[in-house]
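Taking it in order: structure first as structure tokens, then the write-up.
The values are calculated or read from the model by the stated rules, or taken from the named source; none is laboratory data. Because the structure is a prediction, the values reported are computed rather than measured. Cβ sites come from the backbone with ideal geometry, for glycine too, and all protein chains shown count toward neighbours. Surface accessibility is based on the protein's heavy atoms, side chains included, excluding ligands, DNA and RNA. Shrake-Rupley method; radii C 1.70, N 1.55, O 1.52, S 1.80 Å.
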Amino acid sequence: MTASLPRQATSPDEPRRPPEDPRHKFRRRALTLLIIVLLIGVPAGYLVISADQSRNSGKDKEEKYSATGLTSGWPSRVQRRLYQVPVPGKSTDVAYYETNNWKTSRLYVQFGTTQAGLDAFLKGVGTSRSALKKDHITISDRNQKVVGWEFTDPGPWWGLVHRQKDPAPTQDIVVNGSRTDHPMVYIVSRTIP
């Protein structure tokens, strides 16, 4: 035997609702459909666009970091700050290259500057011109090959190694003084993550 719930009788004072107008029914259903599309379609579309942008960003980064050799232009401010490479403001022939692995990260930078710019750079690194040693090529053959540097042109060549306590970077600096008014600076700054 099943129990049935008693039905509540409609109030005699309450007017009966007229049947729904077909136009009203269509508008109500269209509005419901629009809300469903907006609640589901817009986030789904956003996810598709976001995924595509993320995939393209990965391809751009892959191309950037698979390149070998120097990239013409300035390293980013973050790179310059992380590797402590204060390239002077009006430098010319600026180029850089960054390598990263689980053991060591390196930033290779070259730029041409003035004598005052060289002094400002060395001071910004935390050293001075007096630390430079004549005919002292401090950048290893291996690091020279990575970016295609060859320190065989007529000099004078000057170099120094600026060692710092971890996690601060160690910098190998070489200066070509063949043009006294426009020394060329080469630096490899390496840090251990």
Can you name every residue in region 76-94 that is among the aliphatic types (A, V, I, L, M) and out of contact with any Gly (no Cβ under 7 Å at 6 or more places or on another chain)? Val78, Leu82, Val85, Val87
Please identify the pairs in which a residue from region 100-113 that is farther than 17 Å from Asp172 by Cβ has its Cβ atom under 7 Å from the Cβ atom of a residue that is assigned to a strand (DSSP E or B) and open to solvent by 10 Å² or more (accessible area, probe 1.4 Å), counting only partners at least 6 apart or on another chain. Gly112/Thr92; Gly112/Asp93; Gly112/Met184
Does Asp172 count as within 20 Å of Leu118 (Cα to Cα) and either surrounded by fewer than 20 Cβ atoms within 10 Å (Cβ to Cβ) or among the hydrophobic types (A, V, I, L, M, F, W, C) (or both)? no
Matching residues in region 138-167 (in contact with a Lys or Arg (Cβ under 9 Å, 6 or more places away or on another chain) and either in contact (Cβ under 8 Å) with a residue 40 or more places away in the chain or small (Gly, Ala, Ser) (or both)) number 4
Considering region 175-193 alone, what residues qualify as being open to solvent by less than 30 Å² (accessible area, probe 1.4 Å) and either on the phi > 0 side of the Ramachandran plot or small (Gly, Ala, Ser) (or both)? Gly177, Ser189
